[in-house]
Amino acid sequence: MHDEHEWDVSTIAIRTGHQRTAESEHSEPIYPTSSFVFDTAAEAAARFSGDMPGNVYSRFTNPTVKTFEARLAAMEGGDSCVATASGMAAILATCMGLLEQGDHIVSSRAIFGSTVMLFNKYLSRFGITTSYAELSDLDSWKDAITPETRMLFLETPSNPLTEVGDIEALAQLAHDNDAILVVDNCFCTPVVQQPLKLGADIVVHSATKYIDGQGRCVGGAVVGDSKRVGEEVFGVLRTGGPAMSPFNAWVFLKGLETLELRMQRHCDNAASLATWLEQQDAVEEVYFPGLESHRQFALIQKQQRMPGGIVSFILKGGREKAWQLIDSVTLMSITANLGDTKSTITHPATTTHARLTPEEKEAAGIAEGLVRISVGLENVDDLLADLERAFSGL
Ligand SMILES: *Cc1c(COP(=O)(O)O)cnc(C)c1O
């Protein structure tokens, strides 16, 4: 007999969650059905009330979605997972399920733009307020906490400067203040970092990025304990409805099977590019968690299994040089998306971070010469040749 608790995350990603049907299929089936039938009126009543486990309606019970949820929960080391229509739906459902009017969130400053919008514009309408802290400065988190703080929220490493938050220390801080720690683990995925094992209470994902990893579907997930996620967040999904489709769940399920292999290649390619970039005279600074020059290298070694696939760097010469470089590469795609097989290159100051004022950009380190690459799975020599050619023309 095998013991699933002993398995490495790469084995869990391939072997967990699927309960083979009477058809003896090897690969996980897709169930494109909105509803399910019952043998008797009494069984229908029991399934609706929850007294009898089983499928009811695909807004909240679909076998393909459940297989994805079981697999991702096991990979993160959580008891429960709820799949959602998008990464933003995962964050929305987490806040709606676990917070109420009057509650306060402390979030790291460098988070996904739509998350800032959700906190500042929408949650505030319902009496939930948010303050921002500096990700790597524990004192700034302590200073931001009020008696109403019920949630600490962060992304680590940050985008695009790959700053890192100490998950273990922040989980302790949250718990000392009767709050929970929520980690957006989209940049790492569970094969790189497992926040729940470091003390975090909830992990949220945009499956759109590395979990799919091939730029096909939009989806998300919330992972945690069976009370908070299995009941509270699930309740929001069941009632509010931002559910994942069975087809998308199947795509993500197959994505999980190759996730470790893909992350390994993303990270290896990124490390080669970062090392090369550090040697270029035209480059002022390189940000990559795999470089020994990263000022938080010790924490990264403790908390991540791999460095991740995002490399950012500042070119001397500001926006003009940055745009010139971006326009000169031919293999990489100019797009702000990330976590794809295809390498993408972007200028944060005029795209993902364009809404910030010049002062805010300065404070956040979003220089005009900053370029971000989400390193894909192409051959590393081809990627380096693309960069070399573009650099030689600067
Ligand atoms: C993309 C992203 C999200 C939002 O996910 P969607 O699937 O686009 O809704 C949230 N957090 C991070 C870190 C992201 O990169």
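The values are calculated or read from the model by the stated rules, or taken from the named source; none is laboratory data. What you see is a predicted model; the values in this text were computed from it and never measured. Glycine gets a Cβ as well: all are built from the backbone with ideal geometry, and neighbour counts include every protein chain shown. Protein only, heavy atoms only, side chains kept; ligands, DNA and RNA dropped before computing areas. Shrake-Rupley method; radii C 1.70, N 1.55, O 1.52, S 1.80 Å.
In the chain, the portion of solvent-accessible area held by carbon and sulfur atoms comes to 51 percent [1.4 Å probe, whole percent, DNA, RNA and ligands not counted].
Summarising the strand pairing of the stretch 260-392, around 85 percent of its internal DSSP beta bridges are antiparallel. Pairwise inverse Cα distances across the chain, averaged and inverted, put the Kirkwood hydrodynamic radius at 21.9 Å. In summary, the helical segments of the chain meeting the span-like criteria, namely a full DSSP H run, a Cα extent along the axis of 15 angstrom or more and a mean Kyte-Doolittle hydropathy of at least 0.0, are 87-98, 246-257, 380-392. Multiplying the residue separation of PHE48 and LEU138 by 0.36 nm and subtracting their alpha-carbon distance yields 27.8 nm.
Taking label points 7 Å from Cα along the Cα-to-Cβ direction, VAL37 and LEU384 give a separation of 6.2 nm.
Could you point to the residue in CYS217, THR67, ALA171 farthest towards the positive end of the chain's charge dipole, with +1 and -1 charges on the Cβ of Lys/Arg and Asp/Glu respectively? Ranked along the dipole, the leading option is CYS217.
Over the stretch 260-392, accessible surface divided per residue gives 46 Å², non-protein components excluded, 1.4 Å probe. Treating each Cα of the stretch 140-285 as an identical point scatterer and summing with the Debye formula, the log10 of I(q)/I(0) at q = 0.21 Å⁻¹ comes to -1.34. Counting only protein heavy atoms and a 1.4 Å probe, the stretch 1-79 has 62 square angstrom of accessible area per residue. For the stretch 135-266, the relative contact order comes to 18 percent (Cα pairs under 8 Å, sequence separation of at least 6). Here the chain is assigned +1 on the Cβ of each Lys and Arg and -1 on the Cβ of each Asp and Glu. Its dipole about the Cα centre then comes out at about 920 debye. Taking amide H as placed 1.01 Å from N in the peptide plane, the amide H of ILE180 sits under 5 Å from that of MET151, LEU152, each at least 5 places away or on another chain. Between THR129 and ALA169, the FRET efficiency estimated from the beta carbon spacing at R0 = 22 angstrom works out to 0.40. Extension gain, TRP323 to ARG295, is 7.3 nm, computed as 0.36 nm per intervening residue step minus the present C-alpha separation.
Binning the alpha carbon pair distances of the stretch 260-392 at 10 angstrom intervals from zero yields the distribution 13, 44, 36, 7, 0, expressed in whole percent. Segment ASP178..VAL116, full-extension length gain: 20.0 nm, with 0.36 nm per residue of separation and the alpha-carbon distance subtracted.
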